[in-house]
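The values are calculated or read from the model by the stated rules, or taken from the named source; none is laboratory data. Keep in mind that this is a model prediction, so the values were computed, not measured. As a convention, Cβ positions derive from the backbone with ideal geometry for all residues, glycine included, and neighbour counts pool all protein chains shown. For the accessible areas, the whole protein counts, side chains as well, though only heavy atoms, and no ligand, DNA or RNA atoms are used. Shrake-Rupley method; radii C 1.70, N 1.55, O 1.52, S 1.80 Å.
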Amino acid sequence: METKDLLKKVRKIEIKTRRLSDHIFSGEYHTSFKGRGMTFSEVRPYQYGDDIRSIDWNVTARYNEAHVKVFEEERELTMILMVDISGSESFGTRNQFKKDIVIEIAATMAFSATQNNDKIGLILFSDQIELYIPPKKGRSHVLRIIRELIEFEPQSNKTDIAQALKFLSSTQKKKAIVFMISDFMSDEYEQTLKIASKKHDITGIRVYDIREEIMPNIGMVSMLDAETGAVQWINTGSKSVRLNYEKHYQNKINYFKETFSKSGSGVVNTRVDESYVTKLLGYFKSR
């Protein structure tokens, strides 16, 4: 992609997602993800309605007037965006690829974190770590993240969620707010998620297409496996073929939901042709 076209696309995504984060998500994000605790701010005269447990008795005795301690939430957090860029993310049948929605969600979350003066980091993964951008603050940093999400070309088309979670645990020593955005067509990550979720607040955002759930009956068709590159003819007219496909798909989704639930991590499911805004807001409110 030429620089001019890239900048135009970055700007387009910034305008759309920043508007969402400014007017919709920033307040919900702030409420849903708390700071690391309360830090002392000041002492001021007691006012009607103040909690008597917050009275500073030493200052009260000195001035012969009731004073209270004021505390503020220690707000600064670190957000890590873990984004699956394997081959299956380039699938889509309803005007947009899964990758397009993934980029918008990641950008919206990044701008929401920026509104709260939090740091944002990025991990792009396939079956390996493709790119790591350490957490930093600021608009220019978020724009760099969006640029990488748009134009980065992965070395591999396969997926390994366990590998990505291991990398998260090894690089992020302090607690972080983690959003893993993927179609979660992977398994064998239960143990690594369990370990990572003990330290971090993790949410899995599953982005999927309606055609991945149900195989249509359209006769013999040539299908490409986006992750392995294998091409084979599939008889979609066969009921058993369609049922086996749907069973395999559902097993992956059940594993995702059960594994995240058991580890105490959050789950969001959003289809390409649905409003991810509604899904994310519903999730934030439920927290």
Within the stretch 120-139, can one find any residue that is in a helix (DSSP H, G or I) and either more than 20 Å from V268 (Cβ to Cβ) or acidic (D, E) (or both)?
yes
Selection count where residues are under 14 Å from L81 (Cα atoms), out of contact with any strand residue (DSSP E or B) (no Cβ under 6 Å at 6 or more places or on another chain) and modelled with pLDDT of 95 or more, scope the stretch 173-195:
0
Working carefully through the options V207, V221, find the one that is surrounded by 12 or more Cβ atoms within 10 Å (Cβ to Cβ) and closer than 26 Å to S21 by Cα.
V207
Unmet criterion (only one of (1) among the acidic types (D, E); (2) without any contact (Cβ under 8 Å) to a residue 40 or more places away in the chain; (3) within 26 Å of K252 (Cβ to Cβ)) for E148
(3)
Report yes if some residue within the stretch 158-167 is of a type in the set (V, I, T) and open to solvent by less than 10 Å² (accessible area, probe 1.4 Å); otherwise report no.
yes
Which residues, counting only those in the stretch 264-275, are assigned to a loop (DSSP other than H, G, I, E, B) and either of a type in the set (V, I, T) or closer than 16 Å to R287 by Cβ (or both)?
G264, S265, V272
Give the residues of the stretch 140-157 that are in contact with a Phe, Trp or Tyr (Cβ under 9 Å, 6 or more places away or on another chain) and not in a loop (DSSP other than H, G, I, E, B), sorted by residue number.
V142
How many residues are open to solvent by 90 Å² or more (accessible area, probe 1.4 Å) and either modelled with pLDDT of 95 or more or out of contact with any strand residue (DSSP E or B) (no Cβ under 8 Å at 6 or more places or on another chain) (or both) when one looks only at the stretch 229-250?
5
Go over the candidates F256, F284 one by one and state the one that is surrounded by 13 or more Cβ atoms within 10 Å (Cβ to Cβ), in contact with a helix residue (DSSP H, G or I) (Cβ under 6 Å, 6 or more places away or on another chain) and assigned to a helix (DSSP H, G or I).
F284
So which pairs qualify, if the first residue must be in the stretch 125-136 and closer than 20 Å to M185 by Cα, the second must be open to solvent by 30 Å² or more (accessible area, probe 1.4 Å) and basic (K, R), the Cβ gap must be under 6 Å, and the two must be at least 6 apart or on different chains?
S126/K158; D127/K158
Residues that are among the small types (G, A, S), in contact (Cβ under 8 Å) with a residue 12 or more places away in the chain and assigned to a helix (DSSP H, G or I), drawn from the stretch 52-71
S54
